[in-house]
Structure formats: structure tokens, C-alpha cells
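Everything on this sheet refers to the single structure shown next.
The values are calculated or read from the model by the stated rules, or taken from the named source; none is laboratory data. This one's a predicted model, so the numbers in the text were calculated from it and none came from an experiment. Note: ideal-geometry Cβ built from the backbone for every residue, glycine included; neighbour counts use all protein chains shown. The protein model used for the area step is the full one, side chains on, heavy atoms only, and it has no ligands, DNA or RNA in it. Shrake-Rupley method; radii C 1.70, N 1.55, O 1.52, S 1.80 Å.
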Amino acid sequence: MTRILPVLLAALLAAPVAMSAPSSADAQVRVGSGAMKRTPPRPRPRLTEAEQDRLYAAQDEVSEIDVKIADLQDADTAGTLTEAQREEWRSHNARRQELQETIDRLEAKRSRG
């Protein structure tokens, strides 16, 4: 009887601790533990082979146009630029701007991937 009383007393004292209601801190930890179960983000898109070819072709064409524009600027500096050459210069600048937009768009997509 003397041994049963301390065991019973210990069981009664431990019971409220084991049956306590979760605190708000416990609830926050339990909610946050589900964060690891979320699906991972989808992989970012990469450039297709056709897009890479388009990017490289646009970069090459921009280099060629830059040389032509530089030649026309030299003629303008020398004062020998004709009206036909001015129109050519405008068309080169417009084409270069279109190509640069393509390059920027494809490089932005590549940097995301």
C-alpha cells in the first residue's frame, strides 16, 4: 500500500500535463510545419533550339548592321552623306531596333531559365 500511493500520486500529477490543451504557439508551429509539403515551383522555361538560333542570328545581324551604321556615320561626319544614304541609315536603325527587342526578349527568357 505504501508503494501504490506514491505511484498513484505521480500518475495523477502527470495526467494534467499530458492532457493539456495546445497553446497558440503550438498551433502556429503545427500550421507552419505543412510548409515543407508544398509542391516545388515549376522549372523555368529554357530557350528552345529554334529560339537559340533566332537569338544568335539576331546578334550576328546586329553586328553587321552596326558596321554599316558606322560607315554611314563616317560619311555623315565627312559631309558626303546623300539622301539615299540617309534613308538607308534610317532603315538600318529601325531594323537594328527590331532585332534588339528580339534579343532582349530572348535573353530575358534565358536568364529566367
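Per-structure values
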item	result
R95 accessible area, assembled protein chains, probe 1.4 Å, Å²	90 Å²
Inter-site label distance for D66 and R90 at 7 Å from Cα along Cβ, in nm	2.5 nm
Label-point gap, in nm, between A50 and I4 - each point 7 angstrom along Cα→Cβ	8.7 nm
